[in-house]
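Working notes for the structure below.
The values are calculated or read from the model by the stated rules, or taken from the named source; none is laboratory data. Remember, it's a predicted structure, so these values are computed and weren't measured experimentally. Glycine also receives a Cβ, built like all others from the backbone with ideal geometry; neighbour counts cover every protein chain displayed.
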Amino acid sequence: MKKTVQDIITMIKENDVKMIDFKMVDINGQYRHVTIPAKNFNEDLMKYGVGFDASNYGYAVVEKSDMVFIPDLDTALIDPFCQTTTLSMTGNAMIIDNPENRPLAQYPRNIVLAAEKYMKDSGIADEMYILPEFEFYLFDQVGWAVNPNNNGVSLDAVQSYWNSDVQGQGVIVPKQKAYHIAKPYDVSYEMRSEMCMEIEKAGIEINYHHPEVAASGQFEIEPKLGLMSKMADATMMIKYIIKNVALKYGKTATFMPKPIYGEAGSGMHVHMLLMKDGQPVFSDDNGYANLSKEAHWFMGGLLKHIDAICALTNPSTNSFKRLVPGFEAPVTVGYATSNRSAVIRIPAYAKSPDKRRFELRNPDAMCNPYFAYAAILMAGIDGIKNQIDPHENGWGPYDFNLYHLSDEEKAKLKGLPTRLEDALTALENDNDFLTAGGVFPKELIANYVKTKRAELAEMAKIPTPAEFDKYYNL
């Protein structure tokens, strides 16, 4: 049952709430917020909203940039990281119209809702469930400088192999050997358990947490499958909780895809399945990997549009430093069962019909989750509508290790984009699947590409320490 204004007023009284914090999302997928005294919350706020300037959030709107934020009462929860008792909510951005407000089409949350409506209207499915895996690093110290006379990064993880001569207790993890390593080497266990408990308090169920491959502080927290729009909100909240709990323990968390040269990168693999009338759309006992023709067409849509999708699922220059051979990251446009070298992997352990699914392995948590998840759904719908068969298009199944092929065999395979600029070009040239049904506004895609190209131009001007190492003495 949806919460009412009276339900929120009751929450305020029962928890002695002093402030209400409204969390909004900018074009990059980062939280912004505005806070009001709890006594100011009433029915009028739900009607008229809280004003904000959309241009400061990165949205190039045709209308005037003055917008209003209308909170979603169902997202209300006590923020555990505020000393002043604070009730937190997210919600939707609206354009100020008379007599009524209407959704700002460019706002990320509205795009996810539009994608879900497009799916339902198509008759393909009623619900999309997704499961993103959150890989991240925890460091004991990090610092960086981008100055004319000081340009570099310094970071540390106390259990890392590079501290073997100074740590003093011998609690050291060898390079690339941290996967599922136990105490005493798993030095952040208690912290991650607290992260998971806080995530569950926020209404997001957790499957598990564990150390990941990289010895220098890489870990994973995995939630359970959830509705796409709910999981987009949950993605923002999970990142918020992980970062804040880390700071509480004197550490710092990052979702950068490749913060350490020579160690595994952090992805955000996205598992997905569709349901219609309560039945799994992707299940077929007689299909390859027990997946239906609709599942294969959905994969075909993803693989057809993967270059453009990368612009939204891998939106940083650092993203493409992760998508390289040798670190379990996907590099090949294809699908397979239990194969981590293909961009789509079908997990062999998902055996029950209602859990049969596949995962897209290229995304990382730098993305705006609302854009990324909506783009994945729209590509899949395009695949089903046009019956894009991945096998007929030569995209697999690749049921062998693609890293071990000869150079001649590898040359026959299509790879993922290796640079952000290539993915942006692909998005410019291939976006009809996103704009179908008006889900992604054309002006948002144009502004997004413009914003990212400006970011690229800025990054290209900055000398790196690696360039000094390579070129200084030539």
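When you scan the range 360-474 for helices (runs of 4 or more DSSP H) that lie fully inside it, which ones turn up with 3 or more residues that are hydrophobic (A, V, I, L, M, F, W, C) and in the same structural domain as V112 (by TED's automatic domain parsing)? Spell out how you get there, then give the answer.
On the way: elements: 369-385, 407-410, 420-429, 432-435, 442-460, 465-471.
Where helices (runs of 4 or more DSSP H) fall fully within the range 360-474 and carry at least 3 residues being hydrophobic (A, V, I, L, M, F, W, C) and in the same structural domain as V112 (by TED's automatic domain parsing), they are 369-385, 420-429, 442-460.
For the range 12-26, does any single residue satisfy the condition of being part of a helix (DSSP H, G or I) and without any contact (Cβ under 8 Å) to a residue 60 or more places away in the chain? Break it down stepwise before answering.
First, the residues of the range 12-26 that are part of a helix (DSSP H, G or I): 12-14.
In the following step, the residues that additionally are without any contact (Cβ under 8 Å) to a residue 60 or more places away in the chain were identified as 13-14.
Yes, that holds for at least one residue.
Given the criteria in the same structural domain as Q176 (by TED's automatic domain parsing) and surrounded by 22 or more Cβ atoms within 10 Å (Cβ to Cβ), does P315 qualify?
On the way: in the same structural domain as Q176 (by TED's automatic domain parsing): no; surrounded by 22 or more Cβ atoms within 10 Å (Cβ to Cβ): yes.
Answer is no for this residue.
Can you name every residue in the range 298-333 that is over 26 Å from E212 (Cα atoms) and not in a helix (DSSP H, G or I)?
Result: H305, single match.
Scan K224, K293 and give me the residue that is on the phi < 0 side of the Ramachandran plot and out of contact with any strand residue (DSSP E or B) (no Cβ under 7 Å at 6 or more places or on another chain).
Details: K224 fails: out of contact with any strand residue (DSSP E or B) (no Cβ under 7 Å at 6 or more places or on another chain).
Matching residue, one of K224, K293: K293.
Within the range 205-239, how many residues are farther than 17 Å from D72 by Cβ and of a type in the set (S, T, N, Q)?
Residues meeting the conditions: 3.
Just to be sure, is K410 under 18 Å from L273 (Cα atoms) and surrounded by fewer than 23 Cβ atoms within 10 Å (Cβ to Cβ)? So that I can check it myself, show each step before the final result.
Working: under 18 Å from L273 (Cα atoms): no; surrounded by fewer than 23 Cβ atoms within 10 Å (Cβ to Cβ): yes.
Taking the combined requirement at face value, the residue does not satisfy it.
Here's a check for you: in the range 180-223, which residue that is aromatic (F, W, Y) and surrounded by 17 or more Cβ atoms within 10 Å (Cβ to Cβ) is modelled with the lowest pLDDT?
Y185
Can you find a residue in the range 69-84 that is in contact (Cβ under 8 Å) with a residue 12 or more places away in the chain, on the phi > 0 side of the Ramachandran plot and not hydrophobic (A, V, I, L, M, F, W, C)? Steps first, answer last, please.
Of all residues in the range 69-84, those in contact (Cβ under 8 Å) with a residue 12 or more places away in the chain come to 69-82, 84.
Next cut, on the phi > 0 side of the Ramachandran plot only: none.
Within the range 69-84, not a single residue is in contact (Cβ under 8 Å) with a residue 12 or more places away in the chain, on the phi > 0 side of the Ramachandran plot and not hydrophobic (A, V, I, L, M, F, W, C).
Which ones in the range 229-258 are in a loop (DSSP other than H, G, I, E, B), touching a Phe, Trp or Tyr at 6+ places or on another chain (Cβ under 7 Å) and farther than 19 Å from N28 by Cα?
K251
Inside the range 5-37, can you point out the residues that are surrounded by fewer than 19 Cβ atoms within 10 Å (Cβ to Cβ) and aromatic (F, W, Y)?
Y31
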